[in-house]
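The values are calculated or read from the model by the stated rules, or taken from the named source; none is laboratory data. All of these numbers come straight from a predicted model, not from anything done at the bench. Glycine also receives a Cβ, built like all others from the backbone with ideal geometry; neighbour counts cover every protein chain displayed. Side chains are part of the model used for accessible areas, which takes the heavy atoms of the whole protein and leaves out ligands, DNA and RNA. Shrake-Rupley method; radii C 1.70, N 1.55, O 1.52, S 1.80 Å.
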Amino acid sequence: MRFQRTAGMLLATVLMLGLTACSGNNNNEAAPENKPPAAGTGTNASGGVDATGWDGEKYAEPITLTTVKGIGTNYFFKTGETMENNVLQRYMKDHLGIDVKYDWIVTDTNDAYKTKLRLMLSSGEKMPDIITYRGEVETVNMLIDSGQFMEVGGLFDKYAGDHYKEGVALNPDTWLPVTRDGKRMALPVLDYAYNDDMLLWLRQDWMDKLGLEAPETLADLENIFDAFVNKDPDGNGKKDTIGLATGFKNTFLGWMADISWLFGDYGTMPGQWNKASDGTLAYGSIDPGAKQALATLKTWMDKGYISKDSGLKDETSASELFTKGQAGAIVGRNWLPDWPFGDLLNNVPGAKYKGYPIPAGPDGKIGAQSGNPSVNGWMLINKEAKNPEALIRYYNFFFDNWANPVQGSEFENGFAEGYDWAKLPDGTITKDPQKYPELFPDYADRTHLVEPIYYSLTFEGARQPALYADTMIKLANGGTPETPYEIQAAAIRKPENLEAMTIILGQKDIRMKNYFQGPLTDTMKQKNELLNKLLNQTYSKIIYGQSPIGEFDTMVENWKKSGGDQITQEVNDWYNSAK
């Protein structure tokens, strides 16, 4: 699971994404395969119960939604509570009449959740009522192609609340990845826009000790890496430190401990479809700039700037190189101070970190990845679900009550007292279980705040895309927090987090959009596994010095004639039609 706690964007910037267009309101959309129940949105004028069993606030008789879950490393529980039995699950059953049951739960490391889902698909196993997924769209496509999940456009139009619909409307491309023949096949999970934006994080205590200045260019950063490797920044008398924490076991377009920005410094972005100078779409992994990036990575591997195990590490395990005090740099999101940098401070007393802009490449280019600007997950509903509308009502609740609570409301301080907030004798609110352990009873681990919102079906309850960045910039500029959301943000966001958002917004133009947002093409379905294997093996051999850099050109030729040229044509056909 991609852990993403904080991010956002300025509202004016969001509006530029296209309030004037929304594919979710496509008048040409085909009729739904599964029509929603013939009932209103839940507000029953007669005061009775509608055809779905909803009385306007909850189901008169509790209904059950079955699902599966990948638990991230940011999930913490009070003693005695689990994913199957916790304060959020009980609340939703008591207040909405929605009881969530789990067919299985897995700790989501090394893509365990994705692997288990794919095993279910390959074995033809029956899916639960709800599947939620964050990650590459290929797995979402596989779920859709299984034929087990319903068209959700009609449900969305009928049951989605105003906040949900407004958030979806901010990006006209929102529905493209999950649209099949005009039918919307999965519901988007909205995120704070700019949540995927990258910046450079450095060990500031190492920088200060070695007298190093902020890097402006890739050459400057390499000098910093060299000092981190060769000048004993941790002072233990051993040559046991590296420059950059990164891992590319699964992808060169990672969500943490990322390396794709290096490709961006050479004008391309791997693993996605970029716009070429002639206006057509071209695959970034075979761009000549990728060859330059691989040559640089080989040099970094030879000099010890990156770990010899980088090719064996995923994003989470790679980040541990930084949090355990072995690496002096990592590239990731603005929310890393919230997690996992707390582990760095616990593991290395006196450690300090600071965010910096992504440095420019040899020709002045800077590029960083860009996801779907305000979407970071999808929800699929089984065709056999008895109450398919319940998921949207569940999500609506969090938009209406949690995403931006009003003063005096139930959630103005957090989800539950003694879990993610507590009240001091003077009436002020604290979110610090280490300083006030008596106010947070039954914590198994007082190092981390127990936040029940992460247990929700929709990952973090609900997020209004523009809200976070607006708040962070206000706080960074010295503004006084006024709303409950702003007050909560001020209570838990660190100064480094605030500064990181200003850096990201200052570099918002470096984002390199993936212009292909459609379903897998016919040739992708047949050839992707072969082509990805060809790419990954060649990349790895070049970085580890097992093949000369010239092998890249041979790989590109083989990629093209083994289906890549046909995929490129199909991608451009889709792009021209989508425009």
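Some points to look at:
- Matching helices (runs of 4 or more DSSP H) fully within region 126-245 where at least 1 residues are among the charged types (D, E, K, R) and under 28 Å from M501 (Cα atoms): 162-169, 204-210, 218-230
- Pair list, Cβ < 7 Å and 6+ apart or interchain, from region 150-169 residues that are open to solvent by 60 Å² or more (accessible area, probe 1.4 Å) to residues that are at pLDDT 95 or above: H163/F399; H163/D400; H163/A403
- Restricting region 151-168 to residues that are aliphatic (A, V, I, L, M) and within 17 Å of G377 (Cα to Cα) leaves a set whose member that is nearest to the chain's Cα centre (by Cα) is V168.
- Test: residue in region 72-79 that is outside any helix (DSSP H, G or I), farther than 30 Å from W335 by Cα and touching a helix residue (DSSP H, G or I) at 6+ places or on another chain (Cβ under 7 Å): no
- Check on K560, open to solvent by 70 Å² or more (accessible area, probe 1.4 Å) and in contact (Cβ under 8 Å) with a residue 40 or more places away in the chain: yes
- Unique match (being under 21 Å from G367 (Cα atoms), hydrophobic (A, V, I, L, M, F, W, C) and either touching a residue at least 12 places away in the same chain (Cβ under 8 Å) or open to solvent by less than 20 Å² (accessible area, probe 1.4 Å) (or both)) among M555, M512, M524: M512
- Against the test of being free of Cβ contacts under 8 Å to residues at least 24 places away in the same chain and not aromatic (F, W, Y), the options G427, G461, G414 yield a single qualifying residue, G427.
- Filter pass, A469 being aliphatic (A, V, I, L, M), assigned to a loop (DSSP other than H, G, I, E, B) and either under 30 Å from T67 (Cα atoms) or in contact with a Ser or Thr (Cβ under 9 Å, 6 or more places away or on another chain) (or both): no
- The one condition from (1) under 25 Å from V375 (Cα atoms); (2) in contact (Cβ under 8 Å) with a residue 24 or more places away in the chain that L475 does not meet is (2).
- Check on F415, open to solvent by 10 Å² or more (accessible area, probe 1.4 Å), part of a helix (DSSP H, G or I) and not acidic (D, E): no
- Every residue from region 219-234 that is open to solvent by 10 Å² or more (accessible area, probe 1.4 Å) and within 29 Å of the chain's Cα centre (by Cα): E222
- Residue in region 103-113 that is at pLDDT 95 or above and in a helix (DSSP H, G or I) present: yes
- Options N396, N346, N404, N376; residue that is of a type in the set (S, T, N, Q) and assigned to a loop (DSSP other than H, G, I, E, B): N404
- Residues in region 292-322 that are in a helix (DSSP H, G or I) and among the aromatic types (F, W, Y) were compared, and the one that is surrounded by the fewest Cβ atoms within 10 Å (Cβ to Cβ) is W300.
- Complete set of residues in region 57-84 that are under 24 Å from R134 (Cα atoms) and either among the aromatic types (F, W, Y) or more than 26 Å from the chain's Cα centre (by Cα) (or both): T64, Y75, F76, F77
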